[in-house]
Amino acid sequence: MVTAGALDGVRVLEFGSGVAGSFAARLLGDFGADVVKVERPGAGGRPVSALFEYLNWNKRGVCLDLADPGNADTVHALADWADIVISALRPGRLDSWGLGADQLQRWNPALTVTLISNFGQHGPQRDWSASDLIFQAMGGVAQISGTVGQPPLKPGLRQSLYCAGLNAAYVSLAGYLSADGRGGAPVIDLSILECVASQMVMNEPYYAFVGAVQGRRPALQDPLGGVPLPVADGFVSLQTNSFTPASRLAELLGDPRIAEPAFATPAARVRHAAWVRAVLHEHLRGMSGRELFSQMCAQGFLAGVVQGAEQLLSCPQLASRRVYRDVDDFAGTGARLRFPARIVEMSATPTSVRRGAPELGEHTEEVLAQARAASPRTVPQADPPDQAEGAGGPLAGLRVLDLSTVFAVPYIGALLADLGADVTKIESPRRLDQTRSPASLFEICFNNDPGEEYWNRTVTFQVLNRGKKAIALDLASEPGREVLRELIRDADVIMDNFTPRVMRGWGMTFEQLRAINPRLIMLSNTGYGSSGPWSPFKAQGTTLEATMGMNHYTGYRGGEPAKAGQSAPDFPACWTGLLALLAALAHRRRTGLGQWIDVGMYQLGVALLPEALLHYQLTGRDLPRRGNEDLGALLSGIFPARGADRWLAVSVPDRDQLASLAGVVPGVADILAADPAAGPADDNDTGDDVIARCTEAIAAWSAGLDARAASATLQAAGIAAGPVRDARDLLTDEQLSARGFYEQVDFGPELGARPLIGRPYRWGGQYGAEVRIRRRAPRYAERNDEVLGRLPGMSAARLAELRRDGVIVDRPADPAPASPVPLEEQLASGAITALDAGYVEVLRTAVPRERRAGAAGPAPAAGAAEPEPESEAEPVADAGAR
């Protein structure tokens with residue numbers, strides 16, 4: 001028996017091509033939606049592509065020329081039939097055909113329209129060309145990746161496009177839920193660039209609250225801080241902390257030297273990095289990476305193993321989680337391919353692959369007949385809003401309990417609060433969230449001053465927990481858990497990111513909690529998921545990044561695996577959790593029943609790296625680390641520009657673009673003219689020597705130019721280019737400012753208004769002004785009496801008793817001392833590249849004051865957008881022609 005998906009009955013239209021839009025629509029199909037892909041007619045069909053299969057299963061295919069005015073009635077019928085449109089066409093393209101978002105919604109006012117584009121539907125860079133390299137450069141991630149003294153470094157392959165697909169899928173569902181029975185539907189304007197910039201949750205507040213610009217990693221790093229270390233068959237990532245100090249590693253490896261003072265602290269290990277690495281190398285050089293990883297994790301250490309396609313395809317944890325979909329004799333080519341297919345576990349409505357990718361126009365007659373015969377849409381009524389704080393947004397009335405700490409799940413809660421949900425953060429009396437403590441690797445305080453209550457002054461916490469309430473409750477005690485059960489009776493969602501044993505040990509599994517509240521949706525986020533041989537393993541972003549495959553494909557060409565960004569795995573986990581949670585809400589609206597969402601962060605890695613897995617299976621070879629080269633591009637890279645640590649990113653996909661480059665960069669025309677072996681403009685058989693000389697010409701040209709001016713010159717010639725930007729650049733960027741990406745939040749008399757990262761989309765429509773940051777992150781336990789006082793039977797006397805017994809606390813118990821971060825030392829090492837004394841004035845002039853905790857920004861233009869150029873290079877994972 002096939003279980004109906006969470007989105008059973010939801011109808012989705014997909015316009016356009018490219019990775020981001022196709023992936024977003026496919027994800028909705030995986031959750032059960034009926035997705036129709038509309039493609040333009042093409043003689044001879046389209047070539048067989050393994051990547052096309054990956055991006056387009058669970059869809060039906062319609063062949064229709066949207067540009068033909070004679071097809072307007074057909075598009076009208078499809079719009080009436082649909083609940084969601086996901087469009088990945090260039091800005092203004094649908095408008096030029098008379099099919100803009102305003103027209104689609106005139107036909108169907110309940111239709112959510114999501115427009116995906118490179119830079120958004122409006123702003124001075126609206127029509128710029130881009131690629132993964134350009135997004136990572138202009139979005140800030142490349143600037144903080146790589147090593148001090150070397151160029152910025154982009155993450156491997158094309159992760160920005162898949163991350164944009166996750167964002168588009170979840171926000172489309174938020175639009176569907178807001179329109180369902182509540183009136184007008186939104187137009188959602190999503191920018192791929194802003195999906196990348198949304199990952200700067202540590203870097204942006206470093207500047208907004210301290211004036212420090214973070215740079216790349218110093219050449220000398222803590223060998224036990226997660227950096228890849230060589231073993232006999234690859235690399236591992238090892239990380240110590242207060243629970244697994246280096247002294248325990250000394251016991252594991254049987255070497256007393258590892259317990260010496262040089263190993264004791266991160267600072268000491270940096271000072272003695274060469275000796276520390278030499279000692280570790282004696283042990284690691286003869287060991288298998290996966291065996292060491294399994295041994296260390298089984299004993300409670302934080303460890304990762306750098307895996308590539310071969311290891312990921314044979315991974316026992318992924319096999320036990322049924323992550324892959326196997327296809328025999330793919331498209332008649334004889335190839336047996338394994339595709340990443342399951343991004344999350346849903347207890348009541350598992351995701352599934354119900355059909356393969358459609359042939360061109362395979363379902364045209366069937367779909368059009370259904371659309372023309374369809375009755376007016378009837379949808380279930382939305383849950384009635386209440387007067388809970390935050391009411392007014394599209395998720396008004398949704399009550400969320402957030403037990404999580406650090407990154408992924410707290411960010412889910414913040415983004416739900418932006419959408420109007422009432423989110424309560426439940427914190428421990430004895431163990432602070434790491435983003436509340438400057439003693440951790442994550443945090444710095446306002447003005448780098450810990451003050452008397454540093455836990456209320458940390459900066460990353462402000463981005464990840466904005467808009468929430470906070471209480472402090474001792475869940476290690478039975479009275480504390482009883483209070484939580486009382487809160488659960490009236491909750492819609494509970495979220496945690498404990499290791500699986502914690503909630504089991506507390507008697508608070510989903511089965512036990514749904515006996516209290518059958519409508520409850522529970523989201524558990526763990527490193528490896530709640531099932532499988534690796535499920536007990538502890539995880540952290542740095543070690544997960546290795547094991548997920550991200551490190552393997554990131555690194556300077558010819559160099560070792562490298563880390564990208566900061567806590568890179570947490571962001572896809574956040575967006576996947578949001579997608580699954582909103583799908584579960586849609587299912588609950590239809591059935592009245594909740595369910596358990598089991599997010600295993602590890603399995604998301606293969607979902608973001610499909611090109612590598614498919615290429616390996618089709619060719620028997622792994623993709624190499626490519627440095628700053630775009631996958632499939634003819635020429636691409638990051639080049640020096642005028643000024644200290646200033647850089648220009650350029651991506652040229654084919655010979656046509658190379659010819660355009662010759663009109664801008666001196667010397668390129670002569671190089672191409674002297675290349676008699678090169679083929680015609682549509683043939684990319686250009687010699688490596690020619691590309692190398694063109695690359696040198698770009699570097700010579702860009703070195704004397706301002707990166708922004710050079711980018712504008714190249715873009716005017718149709719060439720994808722952009723400056724590599726840091727957090728200060730992003731906060732002062734005219735495109736992000738025009739779109740209201742940063743929102744001003746009031747932090748009181750000491751700080752005034754400061755900008756925080758908003759969301760990578762603009763929400764237009766009924767709730768346009770209500771999708772916003774509602775207020776700063778909560779002070780520790782500031783809403784104890786308010787939240788707990790609303791519980792039935794919670795008298796003042798009982799509250800006093802709970803306080804007396806330490807079940808409820810108003811201050812953290814025995815907080816560790818905190819000191820200012822040694823910024824001058826960080827400046828000397830290159831970990832930060834600038835410390836601006838006048839940064840507050842920079843912020844004041846850069847971000848319009850009217851965008852305060854909440855202005856949604858201008859309504860998106862009614863149009864459509866295309867995230868990648870139509871000439872986007874065909875992926876490497878091809879299997880012939882159809």
Of all residues making up the stretch 222-257, the number that are under 17 Å from Gly559 (Cβ atoms) and surrounded by fewer than 20 Cβ atoms within 10 Å (Cβ to Cβ): 2
For the stretch 485-572, give me every one of the helices (runs of 4 or more DSSP H) that falls completely inside it and has 2 or more residues that are surrounded by 23 or more Cβ atoms within 10 Å (Cβ to Cβ). 541-547
Out of the stretch 581-594, which residues are farther than 26 Å from Lys538 by Cβ and not charged (D, E, K, R)? Leu582, Ala583, Ala584, Leu585, Ala586, His587, Thr591, Gly592, Leu593, Gly594
Over the stretch 190-214, the set of residues surrounded by fewer than 24 Cβ atoms within 10 Å (Cβ to Cβ) and either assigned to a loop (DSSP other than H, G, I, E, B) or free of Cβ contacts under 8 Å to residues at least 12 places away in the same chain (or both) is Met202, Gly211
Which numbered condition in (1) surrounded by fewer than 20 Cβ atoms within 10 Å (Cβ to Cβ); (2) touching a residue at least 12 places away in the same chain (Cβ under 8 Å); (3) of a type in the set (D, E, K, R) is the only one that Arg269 fails? (1)
So which residues in the stretch 113-172 are of a type in the set (Asp, Glu) and under 26 Å from Pro624 (Cβ atoms), if there are any at all? Asp132
Trp647 being more than 26 Å from Pro152 (Cβ to Cβ) and of a type in the set (Phe, Trp, Tyr): no
Would you check which residues across the stretch 1-16 are of a type in the set (Gly, Ala, Ser), crowded, with 22+ Cβ neighbours inside 10 Å and either modelled with pLDDT under 95 or within 17 Å of Ser49 (Cβ to Cβ) (or both) and list them? Gly16
Considering only residues that are open to solvent by less than 10 Å² (accessible area, probe 1.4 Å) and in a loop (DSSP other than H, G, I, E, B), look in the stretch 397-428 and name the one that is nearest to Arg519 (Cα to Cα). Ala421
Suppose we filter the stretch 642-655 for residues that are surrounded by fewer than 23 Cβ atoms within 10 Å (Cβ to Cβ) and in a loop (DSSP other than H, G, I, E, B); how many remain? 6
Of all residues being in contact with a helix residue (DSSP H, G or I) (Cβ under 8 Å, 6 or more places away or on another chain) and modelled with pLDDT under 95 in the stretch 766-791, which is nearest to Leu419 (Cα to Cα)? Just the residue, please. Tyr767
Which strands (runs of 3 or more DSSP E) does the stretch 656-772 wholly contain that include 2 or more residues that are out of contact with any Pro (no Cβ under 7 Å at 6 or more places or on another chain) and either hydrophobic (A, V, I, L, M, F, W, C) or open to solvent by 10 Å² or more (accessible area, probe 1.4 Å) (or both)? 720-723, 742-746, 753-757
Lone unmet requirement of (1) more than 30 Å from His587 (Cβ to Cβ); (2) modelled with pLDDT of 95 or more; (3) buried (at least 21 other Cβ atoms within 10 Å of the Cβ); (4) of a type in the set (Gly, Ala, Ser) for Ser437: (2)
When you look at Leu51, is it aliphatic (A, V, I, L, M), open to solvent by 10 Å² or more (accessible area, probe 1.4 Å) and touching a helix residue (DSSP H, G or I) at 6+ places or on another chain (Cβ under 8 Å), yes or no? no
Assess whether Thr833 counts as being more than 25 Å from Leu432 (Cα to Cα) and crowded, with 18+ Cβ neighbours inside 10 Å. yes
If I ask for residues that are in contact (Cβ under 8 Å) with a residue 40 or more places away in the chain, within 17 Å of Gly123 (Cα to Cα) and of a type in the set (D, E, K, R), which ones from the stretch 705-732 would you list? Asp729
The listed residue being under 23 Å from the mean Cα position of the chain (by Cα), surrounded by fewer than 24 Cβ atoms within 10 Å (Cβ to Cβ) and either more than 30 Å from Glu511 (Cβ to Cβ) or touching a residue at least 40 places away in the same chain (Cβ under 8 Å) (or both), out of Leu618, Leu631: Leu631
Pick out the one residue from Glu443, Glu452 that is over 26 Å from the mean Cα position of the chain (by Cα) and part of a loop (DSSP other than H, G, I, E, B). Glu452
Any residue in the stretch 247-259 that is in contact (Cβ under 8 Å) with a residue 40 or more places away in the chain sitting within a Cβ distance under 7 Å of a residue that is of a type in the set (Val, Ile, Thr) and in a loop (DSSP other than H, G, I, E, B)? List the pairs, counting only those 6 or more apart or interchain. Leu249/Thr240
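The values are calculated or read from the model by the stated rules, or taken from the named source; none is laboratory data. Predicted, not measured: the structure shown is a model, and the values here were computed from it. Every residue, glycine among them, receives a Cβ derived from its backbone with ideal geometry; neighbour counts consider all protein chains shown. Protein only, heavy atoms only, side chains kept; ligands, DNA and RNA dropped before computing areas. Shrake-Rupley method; radii C 1.70, N 1.55, O 1.52, S 1.80 Å.
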